[in-house]
Structures are given as structure tokens and as C-alpha cells.
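The structure appears right after this line, and notes come after that.
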């Protein structure tokens, strides 16, 4: 049994990266994620790791691209404005079918925004973020333990599906401290990296890592191949947590930090005798559509809670059974705008009062 | 019968897409000769850039990573840190290295990354159709400076070999040209020296190679070659600006 450790979410990410075999980190300081580069700058020398504080987010994602092309496990981390800058490199990595882990400890935007928690970068994360119609794997931890576990999973999924993977948390999860069990790296069947550049030895084939595809039909075929891979991800890797959903009339849905707050409210509602449950997506891409589809055959209504004006709700709408009623409660990011469990409990009570098929936006 | 001249083994036996009179082919060849000379081919990883040089992997018989526009020296940093035993070089044009990639090249050079950078300066964006580059000469007409580059508005052409030689992290910096036999022989010597720096683990080496672009200069190959000597070299002097270990 591993000893428990009391650490910050960001530190758990860094610890997990080391446990997952990552020895190459390239980053740039930005609040609220700077504990990650600081931890690795301190720990890597003794482990023989390569740590570079790059001149920019653009440089750091391209260093990740280069290291990943050589087959090593590599990571970068950032937040809001920095993640925007990384999109160029993420698109090239997707086009070159390169693995690599990108940690996004979200802050507010647009622009410089602010450093408090936000879920308004859901679209940026789950829709690819850069040009070219690709997606990346997006994992949404809701606890420090999950920061640790999902960071390790991100490395495995990224290697298996040969695409970038993002650990998508926010300032709340990144900055808070919880006790975790730093489990050893789980066993995983990983494909051989027979595509990495290594210096072409006599009698071996030339290897090229590239995204340029100019041959007739070559790019179209690649897009369909990516499409198939995303479908496979959806089938095999969708992950979610259900809490008290078996007999629930109302199912609250939220991810990450919003889900923690929602869970407290659901527990309070249960104590008050209300039939309420929680569905928390753990993978945002692939989105656990099946969970919503199956649940909406049983419950009467979904209450979606986000720290934004509503982005995940698009995916929820696409996943539920036709005619399912969806309520929405959003607190767009801002200092002092994090909802309390009591506030969400009120929303639960309201949602249980009225069942109509009105658009969720008519509530505002 | 003794063979006295042959294609370098590091270069594939294929035709290039380069325009008649373009000097990328010549520069490719002397880079390949340097890899052969030092026996580096089987541990070399090239970092291609965006522009006419993107097809590096179609001509060099080595492993290649394609880099986003301007980012080759950051990609090369990642490659070298992941595989320190490799010989890593970038091959970048002037728009790529000296405009969009200025930050990446300055910081890779300043960190003293143990890589070799081949910078081809033909004073224009070749592949996109002859727009103004950071190295376009004052007065030079391009598709985006139809009245000539205006220094008061567009600034003066950047002299990258001199600029980088001022950084402590740079071990070797030289500018070469391939417009006449004397310069070509010197270019071979300097490029060989740049790779020797890396092979001996002696630090960051930088080669700026002046190159003709007849198509975008609106000249025939002979006129374009003559322009390298008459207009480019007077502003971009060939020579060694830094050679800290006197290799």
C-alpha cells in the first residue's frame, strides 16, 4: 500500500508524469499552473530528465513535438492565453499523428481574463482548438487523486491512439490540496513506436514525421482515418462517474470542479429525500454519449451545471434521447462567481418543481 | 576506372522540384557532402521548415521531422534533448527563420543547443510567390513591396549571421555563398566545419547561405547568380563571424 501524500493538484500532475515515465518537459510560466514546471525543474535533474523553460508557449509545444517525434514521453502545461498559443503546435502534432501530453489548468478569458477557475475553454479543448478539423483526447479530473491518475492515463491513451492528450482542469483543481495515493503506473499494452525518427541506419527505411499530405486523395483518406480513430475512442475509452442515478428523477451533470460542487448539492438533495443523481463525464473527448443516452431512458430531466454560459450542454443535447428535458445553470467565470453547493441545491429544487419541454435558455 | 565525382550518399537519386537556377540544390548537396565526410548520416535527424525547403525528406536520405513555420529550431531542441547522440540540423529559409521564427532561433542559439542551423537567405519568400522577406534588400521590388523595400517603413534587412554571433551561446557563425567556384569551395569548408562542431559536441553552429531565386527575382539563372555577387554579398558579406574553438 502506497503512503498517502497531501499535495496540490498541480503537484499531483507532475508526480504522475514522472511515474508515467515522462522525462521531457517544456513549458512557460503562467498562473495557475506554474507549480508543475517548478516541481519538475526541481525533481528532473536527479532523474536524468530534460527540463526547458522555453522562450514562449509556441516554442515549448514545438519542443514537445520534436521530443515526441523521437518517441520519448513528453509533456507541456499551460493555461488560457498560453494554450491559445500552443494550438499551432497541437494541430501539427495531430496532423503528424504524434502523442504528447498537454496540461491545461484553465483560467478565465477571453484575453488576459483572470486567474480564477473557468470552464469556458471547453470548446477550445474538445473541438481540437487549432486548424484542420482534428480532435484531441480530453480528460477532466475532479480531484487531486484524479489529477494524478488521469495524467498517467493521458500518457497511455496518447501513445495508444497516437494523438495529443489533454489533462483539462482548472484553478480550483490545480491549486487545492488533497490527500492522494500515488499509485504505481498501471500496466498497459502499448504499441511499438516503430515510426519514430532515430537516424536512418544502412538497410533500414527512411522515417519522416510530417503533416504535409499533397498526394491525390491522401488528405481525404487521412481525415477518414482520424474519424475512425475518434469513433474507436468513443467506443472504447469513454469514461464517466455515476452517483445515485439508479432511481433518479433528475440527473445533475457537470465535470471537473463544477461536478465537485454539484455532488455536494446532490448529497444534500438526497438527504432531503429528493431522487437526484449525478453524471460526471471524466472524458470530455470522447464524450460519454452512451451514458446520457442510457440514463435519459430512466430519468425525467437533466440539469447541466457549468462554469460558463453553456458549452458542454451542446454535447449533452446531442447525447440524450429525443425529447429529454434539459435545464441549465451556468456561472460564467469571474472572481467571486464560483457557485456554492447551496446555490446548486436551489437549482435542483427548482428543476424538480417544473417539468416542461421549454428550451433551457428560456429560464434566463 | 576510378570514380572521382559522385552523388553524396546522404542525397537521394531523384530530381528536385526547385526552379532552374535556384541554389537550394547546390546547398542541399554540400550539406549532404558534409554529412558523408564526417560519417554522420546514420545518426542524423533533419528538421525541415515551411517554404521551398519543406521537401527536405524527399531529397535527403535521412530521417526528417517537419516543423511548423519558423519553429524548426524549437523542434530541433526537442529532438536533440530526446536523442542527444543524434546529429540534428535545421534547414530554414529567410521568412521562416528571420521573421516568424526569430524568437525560436535566438533562444535556441542563446541556450547553445548542440545543433546545426542551415539558413538559406534568398531575400524573398520563395514558395508563397516572392513577397518581402526580412532579408529583402532596401529598394528591392517584391510582390508586397511593388515600389521597392522602403527602409523608413519596412526596416533594414536583418543580418542574421552577425546578429547571432553576438550571443554567448553561439560557437560558430558564418555566411557563405555558392555563386562562384571560390565561394562554393569556401561554403563546403564552412558547412563541414559547422557539422564538425556538432559532431565534437562543441555547441551551436550557424550557416547563412546566400541563394539565388531567379523565379521570384524575375531574372534568368545567370542574371540571378550575378545578382548574388553584385547586390547580396556587398550587403551580406561572406565570412566567418564566430569560431570559438578555432576548428
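Subtracting the Cα-Cα distance of residue A:270 and residue A:214 from 0.36 nm times their residue separation leaves 14.3 nm of extension gain.
Mind checking the log10 I(q)/I(0) for the range A:1-51 at q = 0.22 Å⁻¹? Debye, one equal scatterer per Cα, no solvent, two decimals. For the requested q values the scattering log ratios are -0.80. Each peptide in A:14-21, B:58-65 receives the mean, over its residues, of other Cβ atoms within 10 Å, and ordering these scores from highest gives B:58-65, A:14-21. Pairs of C-alpha atoms in the protein assembly as shown farther apart than 42 Å represent 32 percent of all such pairs. Here the residues A:195, A:240, ranked from fewest to most Cβ neighbours within 10 Å of their Cβ, fall in the order A:195, A:240.
Springs join every pair of Cα atoms under 10 Å in this Gaussian network model of chain B, and among B:126, B:78, B:203 the largest mean-square fluctuation is at B:78.
Can you sort B:50, A:266, A:167 from fewest to most other Cβ atoms within 10 Å of each residue's own Cβ?
In order of increasing Cβ crowding within 10 Å: B:50, A:266, A:167.
What is the extension gain from residue A:353 to residue A:321, computed as 0.36 nm multiplied by their sequence separation minus the C-alpha to C-alpha distance, in nm to one decimal? Walk me through the numbers before you get to the answer.
Values: separation 32, 0.36 × 32 = 11.52 nm, distance 2.15 nm.
My answer for the length gained is 9.4 nm.
Every Cα-Cα pair in chain A was counted, and those over 25 Å apart are 54% of them. Its Cα gyration tensor gives chain B an equivalent ellipsoid. The semi-axes, each the square root of 5 times an eigenvalue, are 26, 21, 17 Å from largest down.
Residue exposure proxy: A:278, A:139, ordered by other Cβ atoms within 10 angstrom of their Cβ from fewest to most, comes out as A:278, A:139. Could you give the angle, 0 to 90 degrees to the nearest 10, between helix A:80-95's Cα long axis and the longest principal axis of the Cα atoms of chain A? Result, in degrees: 60.
Would you please report the Å³ per residue occupied by the convex hull of the alpha carbon atoms in the range B:34-99?
Numbers: hull volume 5.3 nm³, N = 66.
Here the figure is 80 Å³ per residue.
With one equal scatterer per alpha carbon and no solvent term, the Debye-computed log10 I(q)/I(0) for the range A:244-302 at 0.19, 0.23 1/Å reads -0.64, -0.90. Pairwise Cα separations in the range B:141-246 fall into 5 Å bins from 0 onward with the following percentages, short to long: 2, 12, 19, 19, 18, 13, 10, 6, 2, 0. Counts of other chain beta carbons within 10 angstrom of each beta carbon in peptide B:53-64 average 4.
Determine the shielding of peptide A:204-212 by partner chains: average, over its residues, the number of Cβ atoms on other chains within 10 angstrom of each Cβ.
Numbers: counts 2, 1, 8, 6, 10, 11, 9, 2, 6.
Per residue, the average neighbour count from other chains is 6.
Please tell me the relative contact order of the range B:39-122 in percent, rounded to the nearest whole number, where contacts are Cα pairs under 8 Å and at least six residues apart. Show your work: numbers first, answer last.
Numbers: 158 pairs, mean separation 27.4, N = 84.
Taking the mean separation of contacting Cα pairs over the length of the range B:39-122, I get 33 percent.
Based solely on its DSSP helices, what 222 nm [θ] is calculated for chain B when runs of n ≥ 4 H residues each add -39,500 (n - 2.57) and the sum is averaged over all residues, nearest 500 deg cm²/dmol?
Details: 9 runs with 79 residues, N = 247.
Value at 222 nm, helices only: -9000 deg cm²/dmol.
Per-residue mean of foreign Cβ neighbours for B:133-140 is 0 (Cβ atoms of other chains, 10 Å radius). Could you give the angle, 0 to 90 degrees to the nearest 10, between helix A:218-237's Cα long axis and the longest principal axis of the Cα atoms of chain A? Value to nearest ten degrees: 50. List the relative contact order of the range A:233-362 as a percent without decimals, with contacts defined as Cα pairs under 8 Å and 6+ residues apart. So the answer I get is 28 percent.
Relative contact order for the range A:45-93 using alpha-carbon pairs under 8 Å, separation at least 6, rounded to a whole percent? Present the calculation step by step, with values, prior to reporting the outcome.
Numbers: 26 pairs, mean separation 19.6, N = 49.
With pairs under 8 Å counted, the relative contact order is 40 percent.
Helix A:256-271 and the long axis of chain A differ in direction by around 30°, with both axes built from C-alpha atoms. Here the gap between residue A:298 and residue A:335, fully extended at 0.36 nm per residue and compared with their Cα-Cα distance, gives a gain of 9.6 nm.
Coordinate-derived values only; no laboratory data. Since the model is a prediction, treat every value here as computed from it, not as a measurement. A quick note on method: Cβ atoms are made from the backbone with ideal geometry, for glycine too, and the neighbour counts reach across all protein chains shown.
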